[in-house]
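Engineer: Sharing a structure with you now.
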């Protein structure tokens, strides 16, 4: 596992990943419609550790696909890529690869930001989960967008999607300073930086931070 730290300059920057109502919703920076399949479910206890207890720091998750996304408290987003080990035992063996993006406040202290995610653009879909320690079912609402409002002063982080997969936007409002944005990457096998993007690679999965949009 390798760790890298980058500051980000831009007006609206976005990640693409291949393979409440909030107070407002911005149009997509590229004019792309959200995926009709990707939504983010509120964690009502369905995101669990191996011992079947709830993961308390995860607020929203998309677990419907091989590539899963988890929105944590304090400005952290995790991607989980699960692949079956068909060569050995396709029935049980599973390889799990994780890539974390953590917003921090300083390259010296690496302190986590304090912003927590809020679901935005609620859909009509609700997932029902039944737990042994509850008397009834727990309905988890789904949202098309997850927002970390004021992740940095006058800067929001928005988790969204398009037909290709997940997208992450930084939205800089008047008074916001893009120099404040600092991201810690954990889990990648390698990282490539060029004039157009920052690309992270993890077992064939690519996360790309592309050009900013004004």
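Each reported figure results from applying straightforward, stated rules to the coordinates on display, with no laboratory input. What you see is a predicted model; the values in this text were computed from it and never measured. Here the Cβ positions follow ideal geometry from the backbone for every residue, glycine too, while neighbour counts run over all protein chains shown.
Engineer: Can you pull the one-decimal nm distance between simple spin-label points at residue 50 and residue 177, each 7 Å off the Cα toward Cβ?
Structural biologist: 4.5 nm
Engineer: Would you mind ranking 147, 55 by Cβ crowding within 10 Å, fewest neighbours first?
Structural biologist: Listed from fewest to most nearby Cβ atoms, that is 55, 147.
Engineer: With label points built 7 Å along Cα→Cβ from the Cα atoms of residue 163 and residue 63, find their separation and express it in nm.
Structural biologist: Taking the simple label geometry, residue 163 and residue 63 are separated by 3.0 nm.
Engineer: If each residue's Cβ is checked for other Cβ atoms within 10 Å, how do 170, 185, 110 rank with the fewest at the top?
Structural biologist: 110, 185, 170
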